[in-house]
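The values are calculated or read from the model by the stated rules, or taken from the named source; none is laboratory data. On a predicted model such as this, the values are computed, not experimentally measured, just so you know. When we count neighbours, we look across all protein chains shown, and the Cβ atoms used for this are built from the backbone with ideal geometry, even at glycine. Side chains are part of the model used for accessible areas, which takes the heavy atoms of the whole protein and leaves out ligands, DNA and RNA. Shrake-Rupley method; radii C 1.70, N 1.55, O 1.52, S 1.80 Å.
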Amino acid sequence: MPERKEFEELEDDDGGGGGDDSSASATAEDKVTSEQAEKAVWIKVLLETRIVQVSNEMGSRKRGQRSISPVQSVWSKTSGGRSIREVSFGELESKPVRHGSRGADSEGFSASYKEINDDDARLIYINDPDRTDEKFEFAGNSIRTGKYSILTFLPRNLFEQFHRVAYIYFLVIAILNQLPQLAVFGRGASIMPLAFVLLVTAIKDGYEDYRRHRSDKIENSRLAWALLNEQFQQIRWKDIRVGQIIKVSANETLPCDMLLLSTSDTTGVAYVQTTNLDGESNLKTRYAKQETQTKNVENEKISGLIKCEKPNRNIYGFQANMDIDGKRISLGPSNIILRGCELKNTEWAVGVAVYAGRETKAMLNNSGAPSKRSHLETRMNREIIFLSIFLVALCTIIMIPISLYISMELVRVGQAFFMIQDNRMYDRASNSRFQCRALNINEDLGQIKYVFSDKTGTLTENKMEFKCASIGGIDYSNAQDSTEDGQIGNSVQGGGQVLRPKMKVKVDPELLDLSKRKHTGEGKHVCDFFIALAACNTIVPITVETPDAAVNLIDYQGESPDEQALVYAAAAYGFMLIERTSGHIVIDIHGERQRFNVLGLHEFDSDRKRMSVILGCPDKTVKVFVKGADTSMFSVINRSLHLNMLKVIETHLHTYSSKGLRTLVIGMRELSPSEFEQWQSSYELASTALMGRAALLRKVASNIENHLTILGASGIEDKLQQGVPEAIESLRTAGIKVWVLTGDKQETAISIGYSSKLLTSKMTQIVINNNSKDSCRKSLQDALLMWKKLTTDSSATPGGSRTGLNEVALIIDGTSLVYILDTDLEEQLFELASKCDVVLCCRVAPLQKAGIVALIKNRTDDMTLAIGDGANDVSMIQMADVGIGISGQEGRQAVMASDFAMGQFRFLVPLLLVHGHWNYQRMSYMILYNFYRNAVFVLVLFWYVLFTSFTLTTAITDWSSVLFSVIYTSFPTIVVGILDKDLGRTSLIEHPQLYGAGQRQESYNRKLFWVTMLDTLWQSIASFFVPLLAYWGSNVDGSSLGDLWTLAVVIMVNIHLAMDVIRWYWITHAAIWGSIIATFICVLVIDVLPFLPGYWAFFHIAKTALFWLCLLCIMIGALLPRFLIKVFMQYYTPTDIQIAREAEKFNTSRASQGVQIEMNEIFDPPRR
């Protein structure tokens, strides 16, 4: 549910806001007298009369809400050593809760709240699938995630593979080579490389699709209970039809999108886990309507008509009406359970299938992560186009290395293996290793310029811990200084067992002592505060057995880590939530169990930023407890009461926020009988409205949440993950700009920024918090002027430079972004943000996060990386060039949508600075080397064709031409691409500036490409003309010279590779020198086969000394110029990488002398 996520992110609102001081005219004495009289009347009404409800005629109401009957009894009973004081509000004591704001907010995600037209609706006849789908318009429940069928595999797979431009080129060359007039190689030899590549890729794609089909078959064959012939029978999932009644048992997965009809809970509540759907592991509640909850579908025939919206992807919205027993009932998201959810803590649930198969919301959202291609491969495609044009001028000879694609894929697999096996990226806390979910962008990790990070759960642990509270104007924040004995896990006795909270919380001794004095005025205030913490939530207490049979643990399950922390805190101070149903809760208050009837519950929504619960208390009063963000709460607090206390609490809140704590304000008000009756009737009308329901429910909630007495405020700590400050400092030193995009309040985000070293005291902060487009425009203009002024001042300073300029941090909130993104102000924001060293976006929505990433991605060639852990980070992760998911507390949806996944933010340092750098350097060199080794071979063929006047003959056999890229030279390329290291891990970590080589594209760029081609041209000339001149006028035939050219090129390209290898391993030696040996063996084998051309040619030429002299001269003539230029460049104009490499060689002596390595200054690349 989005409102819960919003609650976690937005509940820490800014302070401030006015209240209603209209009641200030009454004197304190008159008010007390009035309250006492009103209370007496209220008690009398409860004891002697029945409250009249406007909507009694409506019968059962939303989720079983019914009118209040007079109090039946006030009684005490003792059972099993437990004392329970209970007030029974007649039917209400066991009736479900009223989730007013849940409908308000979550239903707001649907298209609209208006009467659904028949043309825009799906009509479902309950328990009548034949009539429901009489026109066969609805999808069956069979799913298919496979891409291909037997008939479509070949054409579709080939179509997808030929999206690579090079493949089209290869195909054209192969076709031309089938024409005798244009043939250069044999017909089979020309088509074999392309056929091999296509075959390998097709086999891989086919196997992956086979696994998908196999998974689909297993899924479709699972069994479910469906109502057939008035009894439940097992059928396969794929046979379920829309309109059928389905029964699901505890811990089973929902086979389709199902509208709840009834559950094992008498109040119609069901608990579900949506991990498979949105990645969230906390339990969520769904409800059956009371009109259907009381029906037994096996014993009495149920029929009715459901009119719902057509299938859509919105997993948080659902709009429908149900006509049953002559009544029309409105339905919302809280009444539907989606396919893939698991039923938890509920014995069974019965519902009717409304969406099936590919029309379920889960399947409509199952589009997968967007396809991403590395920037290196994109740039490589441009070079291929240039080469294609060049080769057309050279009479169309194969020069583009088809083997390059296979080599790249194999190298990426090898790189991924070593990244996964890196123990420095292994998270012991979650027992998770690094995951490589996208193999085609490994090298992009070495070119990142921008990192966009979520805060909660990414920079922080998302393990909330209650740290302090401000109650009655007193700050209780000494828990951290308490002794170990103060770390109390409060326990209670019950049924011969001891119950303890699963998580312990440090307590403030003074506050703990005060909470026990509930008969004093101050103690009563504290008691109300902790009752609010224990009751105002949707937490479900679950009993967990321990090895000690006499002790059980209570595990508080809920949708929000904040709520869990607050409930655990209340339990630690003696207010332990023991039981929750939809109609009541039981709280053990210092050993005395008290039952509170839950008369209503308005959950958090993003408009109110509050949550409230209405309780029938044991003292026969009705109270509304409210908690929420400070701005939203201060606007509904009665400031005429305890004004001084309110100011003190505001001060405490500011202190908590400055420490990086997440804050909530707690308030309460006692309701009079008339107020409660007015709320109940208003709620009934709003919840059954068919038009404008969301707005009406919000209005009902807002009307009851006013004139509150402030109880206090809480501070919850979300600790930074280990190593976050050091990681951010390393990334920034590497020239990577780190932007934090969070839903938290500004003060909290800034505090985390300082503690994480994202912000420093020397930074100039530019803050943009505006509520209109015009004010945003002015703020952006002023900010740009400020930046220019800072630049001018820095330049005017003697020795001033960009590095001497004060660093600038931009802090902007989500409200401002509403008026900036997708408007003409975007360009100004980009101009400002790109000049800032740090950007901190507060209170941003998920789509705004993606918008910020797109702001940079669409305007620069800089590589972007987004990292997050929650479902609200998915759009940002998918928008960025590289998306990383954190396996955190908020589920796995971020991981499932990511390219890479890991357990901690700090792992970004070894991932980018080490593996990213290695991957980029290796892949860049491998691409250039592949172009070189193939081009030099092809140019030798070209010189031969040129000197034979294009006679269409060739000196090199077809088999040697094919084996050149398959056996002779491919294996060394792959080994070096996987294992070679230009620098060691220690150097890369200690000197993050070295990462700038990838950002500046030093290892692969157009200039380097054409320099390589010039070197290739020279080496091909040396390789061809040295043998040609040496044997000029001799009787050596073309086949013998062809063998010499083949061996010369193979030896030359392998020695060329050996000259560039930095780290030698035994497998590197075996690959390089073994390839040369393998080439000799293959040439020998080819030449001893009489049915192949060139029979015995090698033996004719190799027996002379001139043959071996030619090989030596070719090596010297071809490689010596390259060697000399390389030495000259490294000696006189060394790069940072080369300097650091030399430092590694003399690491011991340099360390002893304390020599520092000076790196080049990092500049931003030019914008486009």
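Overview of values
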item: Modelled FRET efficiency - R0 30 Å, residue 550 with residue 264, Cβ distances, 0.05 increments; result: 0.55
item: Solvent-accessible heavy-atom area per residue, rounded to whole Å², over segment 651-717 at 1.4 Å; result: 33
item: Within-10-Å neighbourhood charge of residue 849 [Cβ basis; K, R +1; D, E -1]; result: -2
item: DSSP-assigned coil residues among chymotrypsin sites (Phe, Trp or Tyr not before Pro) in segment 902-965, each with at most 12 further Cβ atoms within 10 Å; result: 950
item: Segment 399-466: trypsin sites (Lys or Arg not before Pro) in DSSP loop, at most 13 other beta carbons within 10 Å; result: 428
item: Residue 413-residue 1060 FRET efficiency (beta carbon distance; Förster radius 22 Å; 0.05 resolution); result: 0.50
item: Cβ-Cβ FRET estimate between residue 789 and residue 1133, R0 fixed at 35 Å, reported to 0.05; result: 0.40
item: Sequence-distant residues sharing a close amide H with residue 599 (under 5 Å, placed H); result: 614, 615, 616
item: C-alpha center-to-center spacing [segment 615-650, segment 1052-1102] in angstrom; result: 85
item: Cα-based shape type of segment 808-901, given that a ≥ b ≥ c are square roots of the gyration tensor eigenvalues and the cut on a/c is 1.5; result: prolate
item: Residue-normalised accessible area of segment 279-325, expressed per residue, 1.4 Å probe, Å²; result: 37
item: Low-density loop positions, trypsin sites (Lys or Arg not before Pro), segment 1060-1153 - DSSP coil, at most 10 other Cβ in 10 Å; result: 1103
item: Separation of the residue 643 and residue 158 label points, Cα + 7 Å toward Cβ, nm; result: 8.5
item: Average silhouette area of segment 495-636, convex hull of alpha-carbon atoms, in square nanometres; result: 9.5
item: Calculated log₁₀ intensity ratio I(q)/I(0) where the Debye formula runs over C-alpha points of segment 825-869, q = 0.17, 0.26, 0.32 Å⁻¹; result: -0.50, -1.20, -1.49
item: Calculated from backbone phi, Karplus (6.51, -1.76, 1.60) coupling profile of segment 256-264 in Hz, x at Gly/Pro; result: 7, 6, 10, 7, 5, 10, 7, 9, 5
item: Shape call, segment 530-585: gyration tensor on alpha carbons, a/c limit 1.5; result: prolate
item: Cα point-scatterer Debye curve for segment 1060-1154, base-10 log of I(q)/I(0) at q = 0.10, 0.23 Å⁻¹; result: -0.53, -1.22
item: Cα gyration tensor shape of segment 569-726, rounded if a/c is under 1.5, else prolate or oblate by comparing a/b with b/c; result: prolate
item: Stretchable slack from residue 1095 to residue 230, in nm (0.36 nm times residue separation minus alpha-carbon distance); result: 303.0 nm
item: Computed accessible area, residue 1025, all protein chains, 1.4 angstrom probe, square angstrom; result: 50
item: Residue 1122 versus residue 703: modelled label distance in nm, points set 7 Å from Cα along the beta carbon direction; result: 8.4
